[in-house]
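The structure appears right after this line, and notes come after that.
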Amino acid sequence: MEMGTDWMRVTREERLSDLSLPLQIAPENPSVVLGGLGETGTTSLNEALRILGFNSVHCPQTPVAGADSYTDSPVFLPGFFGFSEKFIFLTRYKEEWLRSCERHFSKPPANEFFRQLRLYVFGDVYFDRMKWSHSYITWEVQSQNLYGDRLLKMDIREGWKPLCEFLNKPIPSVPFPHLNHDIQSLFSLADSDS
């Protein structure tokens, strides 16, 4: 398939059919929760879920025995997306997110799985502002349509309150984790504004 200007009219099923790896991986049991596109705070979310008692796996290439939650872009693959009880779509100011993606996704993918994952989720192996921007909006809308009231749209800077309310968990006595440099600087900015 050609990835030119017609990319936005190509369905994700058509993109999946053009990939050579079997990306239709599925966990044995539906996950309790899945969450977010890369560069939105998924590393922090993964740690927060672990603190709340979930056996959460960050950026899985295959389902993991005993895992009940997964975070990062692989959660949008068939077999994951749509098969969880609840879904967290992490939001971030789009310009901020695009700048972070440009830094991260301008580098070559770690392996063939991640190369093909980028093609499926974003429509290209390397950062392309138009494609990434369109993908962010598309996945947000598809998440809303698929999950409805089982969806939490959350900015990671909101911390424990919305996450714990959504998952019916008490707020822990430990600070919300900040595990990524970009996200740490965002929390610092938010703290200085208050």
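The values are calculated or read from the model by the stated rules, or taken from the named source; none is laboratory data. Remember, predicted model here, so these are calculated numbers, not experimental data. Here the Cβ is made from the backbone with ideal geometry for all residues, glycine too, and neighbour counts use every protein chain on show. Note: areas computed on protein heavy atoms with side chains; ligands, DNA, RNA excluded. Shrake-Rupley method; radii C 1.70, N 1.55, O 1.52, S 1.80 Å.
How much length would be gained if the chain were fully extended between M130 and R115, taking 0.36 nm per residue of separation minus their Cα-Cα distance, in nm to one decimal?
So the extension gain works out to 3.6 nm.
Work out the FRET efficiency for Y93 and Q142 from their Cβ-Cβ distance, taking R0 = 30 Å, and round it to the nearest 0.05.
Working from the Cβ atoms, E equals 0.90.
At a 1.4 Å probe, what is the % contribution of carbon and sulfur to the accessible area of segment 117-177?
Carbon with sulfur: 56 percent of the solvent-accessible area.
Counting heavy atoms of the protein chains only and a 1.4 Å probe, report the per residue accessible area for segment 89-164 as a whole number of Å².
For segment 89-164, the per-residue accessible area is 46 Å².
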